[in-house]
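Contents: one structure, followed by commentary.
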Number of protein chains: 2
Amino acid sequence: MHTHAETDPAGRRAGDPAGSPPGDLAGDLAAIVGRDHVRTDDGALAAYARDATPLFHARPQAVVLPGCTEEVAAVLRYATERGVPVVPRGAGSNLCAATVPLRGGIVMVLTRLDRILEVSPAELLARVQPGVTTTALADAAAREGLLYAPDPGSRTVSTVGGNVATCAGGLRGLKYGVTRNHVLGLEAVLPTGEVVRTGGRLWKDVAGYDLTRLLTGSEGTLAVITEATVALLPAPEETGTGVAYFDSLADASRAVAAVIADGIVPATLEFLDRKCVSAVEEFAGLGLRRDAGALLLFGDDGSRRTVAGTLARIGEVCQGAGALEVTLAEDVARADALLAARRCSLPALSRLGSLTILEDATVPRHRLAEMVDRIDETADRHDLRIATFGHAGDGNLHPTCVLDPDDGEGAERAHRAFAEIFAAAIALDGTITGEHGVGAAKLPYLADRIGDDQVALLRRIKKAFDPAGILNPGKLGS
Amino acid sequence: MHTHAETDPAGRRAGDPAGSPPGDLAGDLAAIVGRDHVRTDDGALAAYARDATPLFHARPQAVVLPGCTEEVAAVLRYATERGVPVVPRGAGSNLCAATVPLRGGIVMVLTRLDRILEVSPAELLARVQPGVTTTALADAAAREGLLYAPDPGSRTVSTVGGNVATCAGGLRGLKYGVTRNHVLGLEAVLPTGEVVRTGGRLWKDVAGYDLTRLLTGSEGTLAVITEATVALLPAPEETGTGVAYFDSLADASRAVAAVIADGIVPATLEFLDRKCVSAVEEFAGLGLRRDAGALLLFGDDGSRRTVAGTLARIGEVCQGAGALEVTLAEDVARADALLAARRCSLPALSRLGSLTILEDATVPRHRLAEMVDRIDETADRHDLRIATFGHAGDGNLHPTCVLDPDDGEGAERAHRAFAEIFAAAIALDGTITGEHGVGAAKLPYLADRIGDDQVALLRRIKKAFDPAGILNPGKLGS
């Protein structure tokens with residue numbers, strides 16, 4: 001591991017958690033979940049000190065893997081009584097340090113709860129435990145001819161529980177919405193041990209405050225999700241994909257606006273800037289044009305009667321908006337290859353340096369080009385390599401900073417640059433995070449986006465769920 | 001007005017609000033909003049003692065009509081300081097007494113805030129004040145070639161603020177979702193006077209807890225909504241409608257299941273039972289068949305290339321499921337007439353008696369027929385006339401009880417019958433309200449649906465927003 005990954009550029013990381021476990025933490029937890037499902041060995045504590053966020057780490061005192069809702073409840077009751085922090089997590093693919101145990105305590109890993117309890121074609125829903133991976137859910141739905149629409153980039157490893165906890169987005173957000181739009185009901189355990197069931201199996205249900213949506217995106221700070229009921233759709237008959245190259249991101253952005261103005265809201269409208277296209281082509285050799293200023297990937301799904309027509313029309317609109325070249329994927333293999341180009345942006349960029357910081361901000365769609373200009377200008381000023389890709393349809397950008405191993409001050413400069421980038425997003429009516437979450441990494445910028453009064457309100461809501469403040473302390477609501 | 005409307009069958013109505021205003025309430029309010037916008041005359045107090053819910057009424061001490069966010073904030077600060085209840089409302093078309101001022105105090109009417117601030121085709125959104133009617137918003141969107149998807153039955157009078165406060169549903173819920181799926185951001189005033197802005201102009205924004213959705217459906221108990229940013233869609237090129245008659249609701253319900261199993265999720269799938277069809281035909285003379293056991297109205301919208309095909313396919317599926325007759329509307333006029341049949345169910349039934357109680361419950365779609373059987377059996381046992389219509393696609397039923405003027409004990413029997421109907425909905429994995437809300441009318445049944453622990457949690461959340469308990473007391477969170 002590169003040494004810079006061990007430093008905290010902004011002092012945002014908590015210090016080492018306080019000394020040794022209170023009393024016999026491991027023994028007490030073993031009494032609840034069984035000895036085999038508690039880990040206090042060095043390897044486990046080091047592994048669960050991190051998630052996928054660079055620069056953030058803090059060792060827990062114990063790792064516990066409950067096997068059922070009752071065990072989750074018993075651990076939480078115990079933790080509330082003793083005042084021990086608990087950080088719930090799934091696969092740990094989070095990118096804003098939302099599952100790093102900043103204050104030590106217990107990391108509660110929910111991957112043993114990995115059963116798909118039900119897939120109902122009649123009711124168009126599935127009921128799953130939180131540790132099921134997004135792909136496993138999507139595959140189970142597909143086997144019944146159904147679609148689970150949310151598709152976060154990390155879907156092969158990310159869990160449904162984590163998707164719900166972060167309100168994960170993905171490549172199909174414009175047409176299908178994000179995770180919140182597809183959650184019908186939750187079973188969740190409050191930090192004080194009560195098990196609540198919110199929502200249910202229904203599209204229409206207004207009995208009580210919308211706790212289903214409040215828990216969706218609450219990043220493990222209000223309750224631990226132990227079951228989710230999610231909506232499914234009939235699988236579209238057909239999917240199509242195409243690619244358009246432009247001289248500049250500004251041109252690509254105008255093309256996106258023209259597509260929407262034409263009355264088309266396609267499933268996928270992704271962009272890669274020149275630096276990303278270059279990195280992806282070097283990494284994957286897909287035959288992408290490296291001379292263009294921007295690549296726009298578009299796709300739609302639907303009935304056999306419409307998809308080809310919609311794709312052709314998007315292609316025409318892109319041509320009209322000045323595309324250098326438009327190609328429609330002639331077969332599924334080519335479409336998959338194009339989507340792979342988008343999906344491999346992060347690994348492709350990661351190869352270029354020793355430390356890669358993938359960020360997440362959103363602006364209104366028509367301000368995309370302006371935002372990318374600001375990102376590029378900021379990167380130049382701080383002497384950083386920042387490539388940008390993301391979801392053009394919903395204005396969700398992923399500026400990604402790649403640092404060289406010999407750049408001793410790189411992480412500090414990147415931190416200052418991203419602070420400016422988030423401020424720019426807010427100034428353009430955008431937000432500091434579109435889909436990754438606030439976690440620990442974005443918490444310093446939250447008040448700039450939502451205001452001090454709202455931050456104070458979040459704290460009061462957090463207290464209503466978690467009076468002892470044991471659930472994921474130092475994050476949202478702290 | 002019929003005398004039974006003045007009695008409370010279950011003692012659920014609060015007593016007369018305590019005496020006269022504290023100090024000079026009217027004068028204090030006039031100092032904030034101007035003398036012209038405060039009413040304490042008998043006519044106003046009587047008018048704002050009620051909403052559209054039969055049997056519930058309670059007089060406020062003053063009615064205030066603020067003209068801007070700052071006035072809303074000043075009234076709320078004043079009310080929190082003095083401990084005076086405030087009940088926000090729009091058009092008062094609520095059907096669960098959510099806007100009846102049970103504890104007296106101030107009714108805050110938001111209809112002066114009736115400006116459409118922005119309709120943006122580029123961003124596919126509109127920004128409106130809360131007093132704009134749903135139809136005015138839909139019309140403004142349509143003029144730009146856009147669709148505001150939620151269409152509650154009361155849309156010609158209901159306000160967007162009220163729609164958000166109740167998470168209103170409507171006839172297009174299955175395909176398009178309900179109000180919560182279309183709200184991007186809110187400006188709202190806390191009971192303590194702080195103005196917060198939640199969400200914004202973005203589809204993807206996870207900065208903080210999802211207060212936008214928490215306020216949506218909070219029924220005026222957490223904050224007063226002073227502005228809403230809502231998502232729009234490109235208007236569909238074409239809309240089509242058809243009607244199928246069946247021997248029984250069980251047959252119609254099987255047809256609905258068969259449509260979904262065929263991979264079709266149409267915009268509209270509404271049903272009327274025999275009693276409703278009969279009342280509507282008598283009322284509107286649309287040429288409906290009165291000999292059938294159930295009418296299924298289906299409709300879809302989308303591209304010119306698909307709508308006719310989808311409608312024809314739904315017709316075939318209905319035939320296959322045993323429809324007595326299927327007709328596709330040959331033109332827009334006939335389609336409008338068919339939709340009018342559904343929309344006039346309530347007025348048509350209201351003519352049959354002196355008091356009409358329209359209720360709202362939801363069950364999973366495939367249990368619709370079973371639920372209607374239970375409703376009919378309950379009605380017979382209590383010697384009541386209950387007709388049922390509703391949204392077959394999402395299982396949302398509106399059992400409607402029509403009482404005779406000479407039925408002295410009718411309201412009491414209806415109350416007992418509905419208690420059984422809600423219990424039946426819960427037993428069938430359904431809920432006590434799909435789209436009307438909890439208000440005062442459903443509060444006695446809330447714990448049966450969501451459990452005591454969740455009710456206690458709602459109270460703590462309410463307290464986080466409203467420490468003095470002044471906002472719509474006696475409702476959700478009380």
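The values are calculated or read from the model by the stated rules, or taken from the named source; none is laboratory data. Just so it is clear, the structure is predicted and the values come from calculations on it, not from any experiment. Quick reminder, even Gly has a Cβ in these numbers, built from the backbone with ideal geometry, and neighbours come from all protein chains shown. Areas reflect the complete protein model, heavy atoms only, side chains present, ligands, DNA and RNA absent. Shrake-Rupley method; radii C 1.70, N 1.55, O 1.52, S 1.80 Å.
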**Complete:** Relative contact order in percent for the stretch B:236-437 (Cα pairs under 8 Å, 6+ apart) equals 26 percent
**Message:** Give the average, rounded to an integer, of partner chain Cβ atoms located within 10 angstrom of each Cβ in A:360-366.
**Reply:** 4
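Beyond 52 Å, what percent of the Cα pairs of the protein assembly as shown remain?
Values: 75764 of 456490 pairs.
Result: 17 percent of Cα pairs exceed 52 Å.
Provide the buried accessible surface between chains B and A in square angstrom, both chains summed, 1.4 Å probe, rounded to the nearest 100.
Working: alone 19060 and 19110 Å², together 31970 Å².
That pair of chains buries around 6200 Å² in total.
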**Request:** Express the carbon and sulfur contribution to the solvent-accessible surface of the stretch B:116-234 as a percent, rounded to the nearest whole number, probe 1.4 angstrom.
**Result:** 50 percent
**Derived scalar couplings ³J(HN,Hα) [the stretch B:369-385; Karplus, 6.51 cos²θ - 1.76 cosθ + 1.60; whole Hz; x for Gly, Pro]** = 5, 4, 5, 5, 4, 5, 4, 4, 5, 5, 4, 4, 4, 9, 6, 10, 9
**Message:** From the phi angles alone, apply the Karplus equation (6.51, -1.76, 1.60; θ = phi - 60°) to the stretch A:186-198 and give each ³J(HN,Hα) in whole Hz, x where the residue is Gly or Pro.
**Reply:** 9, 9, 9, 10, 6, x, 8, x, 5, 9, 10, 10, 9
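Treating only the Cβ atoms of Lys and Arg (+1) and Asp and Glu (-1) as charged, compute the dipole magnitude of chain B about its Cα centre; round to the nearest 20 debye.
Details: 48 positive and 62 negative charges, 194 e Å.
Dipole size: approximately 940 debye.
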**Prompt:** What part of the accessible area of the stretch A:236-437, given as a whole %, is carbon or sulfur when the probe is 1.4 angstrom?
**Reply:** 49 percent
**Prompt:** If all Cα-Cα distances of chain A are sorted into 10 Å bins from 0 onward, what percent lands in each bin, rounded to whole numbers?
**Reply:** 4, 20, 29, 26, 16, 4, 0, 0
**Asked** Using the Cβ atoms and a cut-off under 12 Å, what net charge is assigned to the surroundings of B:K462, where Lys and Arg are +1 and Asp and Glu are -1?
**Response** +3
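Rank by packing, highest mean first: peptides B:230-240, B:93-103, with packing defined as the count of other Cβ atoms within 10 Å averaged across residues.
Details: B:230-240: 18.9, B:93-103: 27.5.
Most protected by this proxy first, the peptides run B:93-103, B:230-240.
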**Fill in**
Amide H neighbours of A:L146 at under 5 Å, excluding residues fewer than 5 places away on the same chain, with H built from the backbone geometry, are A:A235
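Per residue of B:219-226, what is the mean number of Cβ atoms on other protein chains within 10 angstrom of that residue's Cβ? Provide the component values of the computation, followed by the final result.
On the way: counts 3, 0, 1, 2, 1, 0, 0, 0.
Counting other chains' Cβ atoms within 10 Å and averaging over B:219-226 gives 1.
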**Request:** Compute log10 of I(q)/I(0) for the stretch A:343-441 with the Debye formula, placing one identical point scatterer on every Cα and leaving out solvent, at q = 0.14, 0.19 Å⁻¹, to two decimals.
**Result:** -0.47, -0.88
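Among bridges DSSP assigns within the protein assembly as shown, what percent are antiparallel (round to 5)?
Values: 120 of 136 bridges.
Rounded to the nearest five, the antiparallel share is 90 percent.
Less than 15 Å Cβ to Cβ from A:G217, Lys/Arg counted +1 and Asp/Glu -1: what total charge do the surrounding residues give?
+3
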**Helix-only mean residue ellipticity at 222 nm for chain B, each DSSP H run of n ≥ 4 adding -39500 (n - 2.57), per residue, nearest 500** = -10000 deg cm²/dmol
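Can you give me the orientation-averaged projected area of the convex hull built on the Cα atoms of the stretch B:405-452, in nm²?
Working: hull surface 16.1 nm².
The number I arrive at for the stretch B:405-452 is 4.0 nm².
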**Item:** Among A:T306, A:A323, A:T133 the positive-end extreme of the charge dipole of the protein assembly as shown (Cβ point charges)
**Value:** A:T133
**Item:** Cross-link pairs beyond the 26 Å C-alpha cut-off, checked among B:K442/B:K462; A:K175/B:K475; A:K175/B:K462; A:K204/B:K204
**Value:** A:K175/B:K475; A:K175/B:K462
**Whole-percent pair-distance distribution, where bins are 5 Å wide, for the alpha carbons of the stretch A:236-437** = 1, 8, 17, 20, 20, 16, 10, 5, 3, 1, 0, 0
**Message:** Please compute the average number of Cβ atoms from other chains found within 10 Å of each residue's Cβ in peptide B:454-461.
**Reply:** 6
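Restricting to Cα pairs below 8 Å that are 6+ residues apart, what does the relative contact order work out to for the stretch B:116-234? Please round to a whole percent. Before the final figure, lay out the partial values.
On the way: 248 pairs, mean separation 37.7, N = 119.
Relative contact order of the stretch B:116-234: 32 percent.
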**Prompt:** With the other protein chains left in place, how much accessible area per residue, in square angstrom, belongs to chain A at a 1.4 angstrom probe?
**Reply:** 34 Å²
**Message:** Compute the helix-to-body angle for B:249-261: its Cα long axis versus the longest principal axis of chain B, expressed 0 to 90° and rounded to tens.
**Reply:** 90 degrees
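Could I get the Rg over Rh figure for the stretch A:116-234? Both from C-alpha atoms, Rh via Kirkwood, rounded to two places. List each step's numbers first, then the result.
On the way: Rg = 13.1 Å, Rh = 14.0 Å.
Ratio of gyration radius to Kirkwood radius for the stretch A:116-234: 0.94.
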**Request:** Report, in whole Å, the centroid distance computed from the Cα atoms of the stretch B:282-304 and the stretch A:171-185.
**Result:** 32 Å
**Distance-filtered residues of the stretch B:284-310 - backbone nitrogen under 19 Å, label point 7 angstrom along B:T327 Cα→Cβ** = B:284-300
